[in-house]
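Input: a single structure, listed below in structure tokens.
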Amino acid sequence: MSNISNKPMYQKIKEDILNQINSKMLFPGDKIPAEYQLMKQYNVSRITVSKALNELKSEGIVERFPNKGTFVAKTSNIQPFLSQVSITEVAPSSANTIPEVACIIPSIPDIFSLSMLNGVLSVFPPNNYICHIFASHNPQVENYLLKRCLETGIKGIILFPQDQPFFSDELLFIQLQKYPLVLLDRYLPRLDTSYVISDNHSAGELCMKHLHSLGHQRFAFFTSSGQDTLSIKFRIEGIYSAAEQLHIPESFIHIIDHFNFVDENKNYDGFLKKMVKEEKVTGFIATESNLCAYLYERFNLLNIDVPGDVSLISFDRPFTEMKNPSFFTHVNQSEYIMGQEAGKILLRRIEDHDTNVYHKIIKPTLEIHHSTGRIVL
């Protein structure tokens, strides 16, 4: 994506931070994301990130403290920066053309994503609308796609946003121009736009209460993302909330984040075996369906029976060659309904010029199947 901008990446990082401060999305005293988070977001080295942060420090915009992090300075003097946001004219539409909308989603690897997209498409009949579907893959591609949608006269966007600590110039411009935008399955704090999400806090509670009702006392929550990802954060909060209600000590709950199960060079068999055999963990929750399938396959190879020895719950229904999807207990997030509701909001924005902001939170349900069972003590 080097063609997106000719600016050095450290300058891009610096400008994104300045935009966040100018637009009141970061306030004096707020913590800037850690260097490793910025490295991952922008796909750059630590040297590049450090150069951006050190320049901001030398200009009095941020303060840096060893072992604590980087913070917005309480007395920072920042000049208006919005003039650097690229404002492009939207191509005029002809009365004879079919209006076009776009749905931007990180990837389309599973039934969950496809079901959401089908929900969106159900609102936009092909005879009346052209609906473009884009896979963004990373924040840089997402920002590029947003810019291209604005330049080519797309009437509105449904965005499943990438997990990134800052808003891009494009999202900031969309917000300022009140362009029709609906966020799907994730919202961005301090971005006052419509969104449709699942109640992740309730989902976490449902998982814990079900496992506890089966007699499980020690638990593990696995995610390939970080705990600062909002959906993951709320799921963990729901788990701890249920644990408090059920008088389960926090020390009985293991949170394993950044679990890189797709790396073929990593072998987690010893780690998983130790959790079950030595730490007596019997209730497992996987935050992604493909991660759940991975755990099931490893347990099978380790002769750890599901659900005889351990119970396994997934967010969304897993698909694995080893078991029928109806085997797995999973959280049903009503993804089709989420997509449909997002489509309805966008349609009102376009056809009725409705500028109201709508926040819809869909209650999940727990579909109980054979991968969870009563623990035998």
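The values are calculated or read from the model by the stated rules, or taken from the named source; none is laboratory data. Predicted, not measured: the structure shown is a model, and the values here were computed from it. Glycine also receives a Cβ, built like all others from the backbone with ideal geometry; neighbour counts cover every protein chain displayed. The area values use the complete protein model at the heavy-atom level, side chains included, leaving out ligands, DNA and RNA. Shrake-Rupley method; radii C 1.70, N 1.55, O 1.52, S 1.80 Å.
Key figures for this structure:
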{"item": "Unique residue being surrounded by 15 or more Cβ atoms within 10 Å (Cβ to Cβ), in a loop (DSSP other than H, G, I, E, B), at pLDDT below 80 and among the polar types (S, T, N, Q) when the list is Ser2, Ser93, Ser76, Ser86", "result": "Ser76"}
{"item": "Any hit, the range 295-303, residues being touching a residue at least 60 places away in the same chain (Cβ under 8 Å), within 24 Å of Leu114 (Cα to Cα) and either in a helix (DSSP H, G or I) or open to solvent by 20 Å² or more (accessible area, probe 1.4 Å) (or both)", "result": "yes"}
{"item": "Qualifying positions in the range 280-294 - open to solvent by 50 Å² or more (accessible area, probe 1.4 Å) and at pLDDT below 95", "result": "Asn290"}
{"item": "Considering residues of the range 355-377 that are in contact with a Leu (Cβ under 9 Å, 6 or more places away or on another chain) and open to solvent by less than 90 Å² (accessible area, probe 1.4 Å) only, the residue nearest to Leu176 (Cα to Cα)", "result": "Pro364"}
{"item": "All positions within the range 134-161 that are closer than 24 Å to Ala34 by Cβ and either out of contact with any Pro (no Cβ under 7 Å at 6 or more places or on another chain) or open to solvent by less than 20 Å² (accessible area, probe 1.4 Å) (or both)", "result": "Ser136, Asn138, Pro139, Gln140, Val141, Glu142, Asn143, Pro161"}
{"item": "Search result, residues across the range 304-321 that are in contact (Cβ under 8 Å) with a residue 40 or more places away in the chain and charged (D, E, K, R)", "result": "Asp316, Arg317"}
{"item": "Residue check for Asp30: modelled with pLDDT of 80 or more, surrounded by 15 or more Cβ atoms within 10 Å (Cβ to Cβ) and of a type in the set (D, E, K, R)", "result": "no"}
{"item": "Qualifying residue in the range 256-275 (condition: over 15 Å from His216 (Cβ atoms) and touching a Cys at 6+ places or on another chain (Cβ under 9 Å))", "result": "no"}
{"item": "Scope the range 196-229; condition under 30 Å from Val120 (Cα atoms), open to solvent by less than 30 Å² (accessible area, probe 1.4 Å) and not in a loop (DSSP other than H, G, I, E, B); matching residues", "result": "Val196, Ile197, Ser198, Asn200, Ser202, Ala203, Gly204, Cys207, Phe222"}
{"item": "Filtered residues of the range 230-259 (kept if of a type in the set (Gly, Ala, Ser), touching a Lys or Arg at 6+ places or on another chain (Cβ under 7 Å) and open to solvent by 50 Å² or more (accessible area, probe 1.4 Å))", "result": "none"}
